[in-house]
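Have a look at the structure below, then the notes.
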Amino acid sequence: MKRLAILGSTGSIGQSTLAVVAAHPEDFTVAALAAGHNVEALTEQIRRFRPALVSVQDEAAARKLQEYFPGNTGPEILWGPAGARAVAAYPAADLVLSAMVGAVGLEPTLAAIEAGKPVALANKETLVAAGSLVMAAAKERGVPLIPVDSEHSAIFQAVHGQRREDVKKLWLTASGGPFRTWSRERLAQATPAQALKHPNWNMGRKITIDSATLMNKALEVIEASVLFSLPVDQVEVYIHPQSIIHSLVEFVDGSVLAQLGVPDMRLPIAYALSFPRRLPTSGASLDLGQVAALTFEAPDVERFPGLKLGYEAARTGGTMPAVLNAANEVAVAAFLEGRLTFLGIPRMVAETMEAHSPEPLRSLSQVLQVHAWALQHAERLIHSQK
């Protein structure tokens, strides 16, 4: 029985994780949960999975949650960054699933590592913003980081048992999102409602927009470079609209190993939770006869410049990837609120990067300061365009 602490339990990955837990009650139990403001969803999770500790984003959400569990009828309730860190380092947990959206997941993920907890990592921003710091902390503590993203899970599976020096190149696949065939002129008029209609995956709002801009793939390129200790120019991207091949590894002898499966996040989640075992699932099996064709194409970085910005940030290194990530968070939020056009997202990221003088990564406090600066600078740029 593996006891889980889940960071971001009411989000898309968190909910899928709990679906895996519910399907395998003999393998998993829930020790602690951290969420944001969705108190109603969290209340249902508490009643079903009975964690001993929960945390929410702020004190107001904590007070609201306490109304559902008066006295000692529910779990211990904490809030804020300290609460999330407490969930991440909860002594009774055997594994931490890190699935908070954005850089907010950085501190609790590091707290889990410092507490010696194995981490199933779905929060790519952690490695984008502070990759070398996180990897150094994990190495020092002897803590395994098991990727949950379907692409990085695919690579993790393909390289397992292989000599790392035999890896020549990593190929990440991308669906291309809802706008894969759109012209730049049409992209200029794209609405949030259109961008949120992903053709293959059911994901949270922020990651769905990132998929539409290919910024999600930019973040994943950086994450793969950090996680698998390869120069970023040995990580490349295919557009693969069917989302069946989740990524590929090319070896020095010319062999290529790929991991295939239906587009269902429960598969990489279950693998991360049970590694090195594999759990039987009740979902649909892959039927290649029904799929019929698997196609690939090169990404168009002129229509989708977010991917190019990711490579630029990675090559620059230091604090630049943290700036890319923070500026993108602000730009995506502004687009969803109707304050920025779709093409304005990569433009604001690029302008924020241009205004930054990168420094070598030294500490968590430095990363958080740079993140805060980039949030403010990007917001000022968006406001000034009106």
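The values are calculated or read from the model by the stated rules, or taken from the named source; none is laboratory data. Since this is a predicted model, take the numbers as computed values, not measurements. Using ideal geometry, Cβ is built from the backbone for each residue, glycine included, and neighbour counts are taken over all protein chains shown. Ligands, DNA and RNA are stripped out before the accessible areas are found, and what is left, the full protein with its side chains, is counted by its heavy atoms. Shrake-Rupley method; radii C 1.70, N 1.55, O 1.52, S 1.80 Å.
Quick notes
- Percent carbon-and-sulfur accessible area, the stretch 3-143, ignoring ligands, DNA and RNA, probe 1.4 Å: 51
- Taking label positions 7 Å along the Cα-Cβ direction at both Arg3 and Ala292, the computed distance is 5.2 nm, reported to one decimal.
- Loop sites in the stretch 189-298: chymotrypsin sites (Phe, Trp or Tyr not before Pro), DSSP, at most 16 other Cβ within 10 Å: Trp201, Phe296
- Glu44-Gln234 pseudo-label distance in nm [points 7 Å out on the Cα-to-Cβ vector]: 4.5
- Accessible-area value, Thr281, 1.4 Å probe, nucleic acids and ligands omitted, Å²: 80
- Span from the the stretch 68-107 Cα centroid across to the the stretch 1-62 one, whole angstrom: 9
- Taking all protein chains into account, the per residue accessible area for the chain stands at 42 Å² (1.4 Å probe).
- Remark: the stretch 31-45, residue by residue, has Karplus-estimated 3J(HN,Hα) of 8, 7, 9, 10, 9, x, 9, 7, 5, 4, 5, 5, 4, 4, 5 Hz, where x stands for each Gly or Pro and the curve is 6.51 cos²θ - 1.76 cosθ + 1.60 at θ = phi - 60°.
- Here the stretch 168-323 has 51 percent of its accessible surface on carbon and sulfur atoms, given a 1.4 Å probe and all protein chains in place.
- On the basis of the beta-carbon distance and an R0 of 41 Å, Arg347 and Asn72 show a calculated FRET efficiency of 0.20.
- Over 19 Å [Cα-Cα, the stretch 221-344], rounded percent: 65
- Accessible heavy-atom area order of Asp210, Asp287, highest first, probe of 1.4 Å: Asp287, Asp210
- Options Phe49, Ala19, Met1, ranked by Cα towards positive dipole end of the stretch 1-141, top entry (Cβ charges): Met1
- Stretchable slack from Asp300 to Asp94, in nm (0.36 nm times residue separation minus alpha-carbon distance): 69.9 nm
- In order along the stretch 124-130, the Karplus-derived 3J(HN,Hα) couplings, from 6.51 cos²θ - 1.76 cosθ + 1.60 at θ = phi - 60°, round to 5, 4, 4, 7, 5, 7, 9 Hz, and Gly and Pro are given as x.
- A Cα-only calculation for the stretch 281-386 places Rg and Dmax at 18.0, 53 Å.
- Amide H contacts for Ser55 (H built 1.01 Å from N in the peptide plane; partners 5 or more residues away or on another chain; cut-off under 5 Å): Leu33, Ala34, Ala35, Leu78.
- Shape call, the stretch 267-310: gyration tensor on alpha carbons, a/c limit 1.5: oblate
- Within the stretch 265-338, the ratio Rg/Rh, alpha carbon atoms throughout and Rh by Kirkwood, equals 1.13.
- You can think of it this way: the chain between Glu337 and Asp253 has 25.3 nm of extra reach, that is 0.36 nm per residue less the Cα-Cα gap.
- A cut-off of 5 Å between modelled amide H atoms, ignoring neighbours fewer than 5 places along the same chain, links Gly176 with His240.
- Taking the inverse of the mean reciprocal distance over all distinct Cα pairs, the Kirkwood hydrodynamic radius of the stretch 50-177 comes to 16.4 Å.
- Rounded D (µm²/s) - the chain, Kirkwood Rh over Cα pairs, Stokes-Einstein at 20 °C, 1.002 mPa s: 101
- Computed from backbone phi, the HN-Hα couplings of the stretch 332-347 come to 5, 4, 5, 5, 5, 8, x, 9, 8, 6, 4, 6, x, 4, x, 5 Hz, rounded to whole numbers (Karplus: 6.51 cos²θ - 1.76 cosθ + 1.60, θ = phi - 60°; Gly and Pro given as x).
- 10 °C / 1.306 mPa s Stokes-Einstein diffusion coefficient of the stretch 174-272, Kirkwood radius on C-alpha pairs, µm²/s: 106
- Percent of beta bridges antiparallel (DSSP, the chain, rounded to nearest 5): 30
- For the pair Val262 and Ser363, the difference between a 0.36 nm per residue extended length and the Cα-Cα distance amounts to 32.4 nm.
- GluC sites (Glu not before Pro) lying in DSSP loop within the stretch 327-386, provided at most 10 other Cβ fall within 10 Å: Glu337
- Only protein heavy atoms count here; under a 1.4 Å probe, Arg47 has an accessible surface of about 130 Å².
- Accessible surface of Trp79 - all protein chains present, 1.4 Å probe, nearest 10 Å²: 120
- Restricting the calculation to alpha carbons of the stretch 52-124 gives Rg and Dmax of 12.6, 38 angstrom.
- Accessible-area ranking of Arg180, Arg48, Arg347, Arg380, largest first, probe 1.4 Å: Arg48, Arg380, Arg347, Arg180
- Taking the three principal axes of the alpha carbon atoms in the stretch 342-384, the coordinate ranges are 33, 15, 15 Å, sorted in descending order.
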